[in-house]
1. Return yes or no: is A:V264 within 12 Å of chain B (Cβ to nearest Cβ), surrounded by 21 or more Cβ atoms within 10 Å (Cβ to Cβ) and not basic (K, R)?
2. In the stretch B:186-203, how many residues are buried (at least 21 other Cβ atoms within 10 Å of the Cβ) and in a helix (DSSP H, G or I)?
3. Among the listed residues A:A218, A:A206, identify the single one that is part of a helix (DSSP H, G or I), closer than 30 Å to A:Y246 by Cα and assigned by TED's automatic domain parsing to the domain that holds A:R257.
4. Here is a check on your reading of the model: is A:S55 in a loop (DSSP other than H, G, I, E, B), polar (S, T, N, Q), at pLDDT 95 or above and within 18 Å of the chain's Cα centre (by Cα)?
5. Would you mind telling me which numbered condition in (1) modelled with pLDDT under 95; (2) out of contact with any strand residue (DSSP E or B) (no Cβ under 9 Å at 6 or more places or on another chain) A:E291 fails?
6. Looking at A:I375, is it hydrophobic (A, V, I, L, M, F, W, C) and under 20 Å from the mean Cα position of the chain (by Cα)?
7. Please give the number of the condition B:F364 fails out of (1) surrounded by 15 or more Cβ atoms within 10 Å (Cβ to Cβ); (2) farther than 24 Å from B:M316 by Cβ; (3) under 28 Å from the mean Cα position of the chain (by Cα).
8. When the residues of the stretch A:369-410 are filtered to those that are among the β-branched types (V, I, T) and in contact (Cβ under 8 Å) with a residue 24 or more places away in the chain, which remaining residue is surrounded by the most Cβ atoms within 10 Å (Cβ to Cβ)?
Protein chains: 2
Amino acid sequence: MASHVIKSSLIEPDGRVLVDLIVPENQRDLKASEAEGMAKVRLTKIDLEWVHVISEGWASPLKGFMREDEYLQSLHFNSLRMKNDGSIVNMSLPIVLAIDDETKEKIGDANEVALVGPDLNTVAILRSIEMYKHNKEERIARTWGTTAPGLPYVEEAITPAGNWLIGGDLEVLSPIKYNDGLDNYRLSPKQLREEFDRRQADAVFAFQLRNPVHNGHALLMNDTRKRLLDLGYKNPILLLHPLGGYTKADDVPLDVRMEQHSKVLEDGVLDPETTIVSIFPSPMHYAGPTEVQWHAKARINAGANFYIVGRDPAGMGHPTEKRDLYDPDHGKKVLSMAPGLEKLNILPFRVAAYDTVAKEMAFFDPARAKDFLFISGTKMRTFARTGESPPNGFMCPGGWDVLVKYYASLQAEEAASAVVSA
Amino acid sequence: MASHVIKSSLIEPDGRVLVDLIVPENQRDLKASEAEGMAKVRLTKIDLEWVHVISEGWASPLKGFMREDEYLQSLHFNSLRMKNDGSIVNMSLPIVLAIDDETKEKIGDANEVALVGPDLNTVAILRSIEMYKHNKEERIARTWGTTAPGLPYVEEAITPAGNWLIGGDLEVLSPIKYNDGLDNYRLSPKQLREEFDRRQADAVFAFQLRNPVHNGHALLMNDTRKRLLDLGYKNPILLLHPLGGYTKADDVPLDVRMEQHSKVLEDGVLDPETTIVSIFPSPMHYAGPTEVQWHAKARINAGANFYIVGRDPAGMGHPTEKRDLYDPDHGKKVLSMAPGLEKLNILPFRVAAYDTVAKEMAFFDPARAKDFLFISGTKMRTFARTGESPPNGFMCPGGWDVLVKYYASLQAEEAASAVVSA
């Protein structure tokens, strides 16, 4: 494969220009005062994360929250057919905004509404709106392949939501910020593309994660780089791209993960020269094969052309049965066949585990299965809680310390709340 | 639109040749004796209906029961991407064959199996087989958009089925026959195309139904013909295509419907010169927007180029809630956007109801809603049971008599079984 420097204009498979829905600075006051006269829709924290996602073009060519024709295509086909040229775009998750009966009543037959953040500031205008029924059961069944109680995103964002969806074109008054000390890590797709250009990347491989990086992850990221060099690329850049939106309560929170990721780079497990760490602002659905398409599609929009996919991406345990919710192989199979993702290079990898003989993380070798130790999130947590160290070589010491501190603080909190409730 | 006589070769949008999986007569004995040595898979009545469907090319280019890659594409994308040319084919229902643990064990690592009918005769060979997990919950959720108990096809064909699916290439030893006096109505896609050619059809419009034909149906079929003539077609032919496979217990059975349809033609409500009545061998899923795609796709394979779609196609009431399972408009919306069906002409129609002023079935006019009477299947059934006549003009007298007799026989049966169980 010939090496060439990626240019933003080359990355978009069909030459489509990324949508950018943030109002230019000189028009903000005008739009803000226009919004004052509109019916208001109050956003939840997760809704605001979606506004962020849409506004920067992660879901491009989507120009706002889905109208019904987009919603139905997403739900039934995991893809949208573009009206202008008939091309197919992957869109596996319904990106929708729910409103309740009362809000719908207030909106009446208005053509646009103002979107108001959780702290009541006006965030955006939604224009040419369309309101349609929010059939939660159908949405859940077709997105997750189950309606079992206990799906984290469902319980957090769908069950309590209204019975209507409102779609329309989004105009965001100013870039979404969280003021949590991590905003500088939240590069937009445009900023990431500029950074890849600046670094003269000729291949960008993205790694989605929502967990601390252990040496098994590092092994496959470094191995991927080697494979790309072998293919003839001169400067493959890794986009280490932790998910920054909603995650379930027992996942490690973003700030702790970011600190852990920093240590991994500081300790030299990953090479800072060829790695960009940035935050992906999407909330997490835990919808397995359906969601992995979204994870890949959004990274293509940000300029990645290689996507690493492992065992059971975006998966979790079944909420009510003792099994994985999804077949661990379905994620990569579905991703490899997904409409609109034909041009993405998918890099499946063998699972890594702790090799008790070599005393390091290594690709699992079924021929000597008994030598390998799988260290699950739960096991890692138990190690950290009990103060026990994981096997040498499982994670760099700096990264591990971050987790030990985090779990210790959790235990302290739990102890405190036990005292309070006693 | 210019008029031209349809030729079979013109109908297939991409020139694909319909699959025909029935073994030539001179090879049957050979194949049958070959099958004797193979592990056996016992088919249910519904499995056999699917063998029938696949063997004649209704699901072409599908060459057998789905392997996992086809199953996953069907489930997630409602379509298949063809490996040879990358073209997209609509395939909204998983067409799969389930086996239990014991059968899987017996098959072991064989490469082919014999399929044995409910009456133990060898029906077919399945070659280059692949066995994979049957995750029933996921299949049901993604196909129906609900996992509520009481879905007819699920209770009949999925819940009692095995935990494995077996895919492969089908070779059917001889055409599937039911010996119920209706086999001559079961024209294959090839036979239908020949019949359209013979009649010099320049447009074929298909009407799927699983209910008796009332004058509202007839109104729209006749109105469709008129619209096609207005468009410049000289000889539009109606394919009146009742579904002949599994239907739920409270639907009118096939033999009664076929008798009723005959009367409708005899009474001149539909013109026999421009109508072909034939049986569609597929079982019914009652899966609304997902299934209507299958209903349309199969008719394209049989040579139809116009498809009539009404309110809530393939829908039913929610099994546990007091509402329609599907939004009544979603069927036609989803159909109009479905991948692989871009070239199908979809004819949506306004709902017909009994106009109490004109005393006939007419297209519903919302401006004088109070003049219209909707006669549901349940209401029709009550009329027939109580011996009450429906409003004059609702259905031709010959057709109505068939239903009255059917419901009377049902009541007699119920009375008899009540006596027995008393």
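The values are calculated or read from the model by the stated rules, or taken from the named source; none is laboratory data. Note that the structure is predicted; figures quoted are calculated from it, not measured. All Cβ positions, glycine included, derive from the backbone under ideal geometry; neighbour counts span all protein chains shown.
1. No.
2. 4
3. Values: A:A206 fails: part of a helix (DSSP H, G or I).
Criteria check complete, one pass: A:A218.
4. no
5. Answer for A:E291: the failing condition is (1).
6. For A:I375, the condition - hydrophobic (A, V, I, L, M, F, W, C) and under 20 Å from the mean Cα position of the chain (by Cα) - is not met.
7. The failed condition is (2).
8. So in the stretch A:369-410, the residues among the β-branched types (V, I, T) come out as A:375, A:378, A:382, A:386, A:402, A:404.
With the extra rule that they be in contact (Cβ under 8 Å) with a residue 24 or more places away in the chain, the set shrinks to A:375, A:402.
Working: A:I375: 18, A:V402: 22.
Residue satisfying both the conditions and the ranking: A:V402.
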